[in-house]
Amino acid sequence: MKLDLDEWIQQHIYFLGYFDYPGVQFLKKNLGEDDIFIDAGANIGSYTLIAAKQVGKTGRVYAFEPAGAAYKRLCENIEINEYSNIITEKKGLLDMNSTIDLFLANKTNLGMSSIYHHDSESGTVERIETTKLDVYVDNQNITRVDLIKLDIEGSEMLALQGMQKTLEKFKPKVLIELKEETHARSEYSINDIIGYLNSHGYEKWYIDDKGDCSRDIENKPEGYYNFLFIPAIPETSER
């Protein structure tokens with residue numbers, strides 16, 4: 001990967017070989033040949049590249065990254081690794097097809113760019129294109145979705161509202177970063193997101209430090225923010 005060692009996430013990748021070890025292990029354990037992965041908030045490609053390796057030549061990775069600098073580095077890293085199964089989109093996933101202002105993060109943490117004002121912003125605003133995932137899936141004739149990852153700095157609820165048909169039709173697993181401080185900037189709380197997914201038949205899990213799914217939410221590591229939502233298995237009545 002092409003890395004900028006002034007940037008926090010890229011420092012982790014350079015010195016440790018990864019960023020977000022549990023999330024990386026989860027992808028390796030849960031994505032396989034022919035799978036379809038949606039990476040919303042792809043940043044420079046730390047998840048995208050791993051997913052591309054896992055799904056193989058017959059699978060697909062759709063990587064959405066609206067911030068110009070991060071998108072440029074994402075494309076460079078895909079080219080370096082010579083993956084042909086990744087489709088990149090310089091767009092944000094929201095609840096509408098439109099354009100909107102993105103408040104860019106400072107260069108020490110590119111992943112903090114957000115449609116909401118925040119402490120880490122650089123003072124630069126970039127006009128970005130947005131799309132509903134439902135519209136994108138229809139336009140691209142995507143016939144299945146296995147896993148969606150959302151790390152879009154407070155916009156997760158809006159993105160979920162734009163993928164209602166996708167959730168109902170394909171029932172993908174949904175991996176979301178949920179931070180109180182991030183969602184405090186938006187008009188939706190973490191409980192709103194959980195409630196929305198519950199109403200669409202999803203149950204909340206979290207990813208433990210080995211990348212496995214756990215229901216033991218109360219004993220999750222302090223400061224851990226990655227939650228997995230899995231379609232609930234209907235209970236069968238005994239006769």
Within the set of pairs 6 or more residues apart or between chains, which connect a residue that is over 19 Å from Asp212 (Cα atoms) inside the stretch 30-48 to a residue that is part of a strand (DSSP E or B) and among the charged types (D, E, K, R) with Cβ atoms less than 6 Å apart?
Ile36/Arg60; Asp39/Lys149; Thr48/Asp39
Do the conditions hold for Gly45, that is, is it closer than 20 Å to Asn141 by Cβ and small (Gly, Ala, Ser)?
no
Taking the stretch 27-50 and keeping only residues that are among the small types (Gly, Ala, Ser), assigned to a loop (DSSP other than H, G, I, E, B) and crowded, with 23+ Cβ neighbours inside 10 Å, one is left with Gly41, Ala42, Gly45
Any residue at all in the stretch 89-97 that's at pLDDT 95 or above, closer than 19 Å to Ala52 by Cα, in contact with a Leu (Cβ under 8 Å, 6 or more places away or on another chain) and acidic (Asp, Glu)?
no
Looking at the stretch 172-184, which of its residues are surrounded by fewer than 18 Cβ atoms within 10 Å (Cβ to Cβ) and either within 18 Å of Ile36 (Cα to Cα) or touching a residue at least 40 places away in the same chain (Cβ under 8 Å) (or both)?
Lys179
For the stretch 142-171, name all the residues that are part of a helix (DSSP H, G or I) and surrounded by fewer than 17 Cβ atoms within 10 Å (Cβ to Cβ).
Gln161, Gln164, Lys165, Glu168, Lys169
Cβ-Cβ distance below 9 Å, separation of 6 or more or different chains: which pairs start in the stretch 186-211 with a residue that is buried (at least 17 other Cβ atoms within 10 Å of the Cβ) and of a type in the set (A, V, I, L, M) and end on one that is modelled with pLDDT of 95 or more and assigned to a helix (DSSP H, G or I)?
Ile193/Leu160; Leu197/Leu160; Leu197/Leu167
Scan the stretch 77-94 for residues that are buried (at least 17 other Cβ atoms within 10 Å of the Cβ) and part of a strand (DSSP E or B) and report the count.
6
Across the stretch 156-198, the tally of residues that are within 15 Å of Phe227 (Cα to Cα) and not small (Gly, Ala, Ser) stands at 22
Could you say whether any residue in the stretch 17-31 is at pLDDT 95 or above and out of contact with any Leu (no Cβ under 6 Å at 6 or more places or on another chain)?
yes
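The values are calculated or read from the model by the stated rules, or taken from the named source; none is laboratory data. What you are looking at is a predicted structure, and each value in this text was computed from that prediction instead of being measured. Methodologically, a virtual Cβ is constructed for each residue, glycine included, from the backbone with ideal geometry; neighbour enumeration extends over all protein chains shown.
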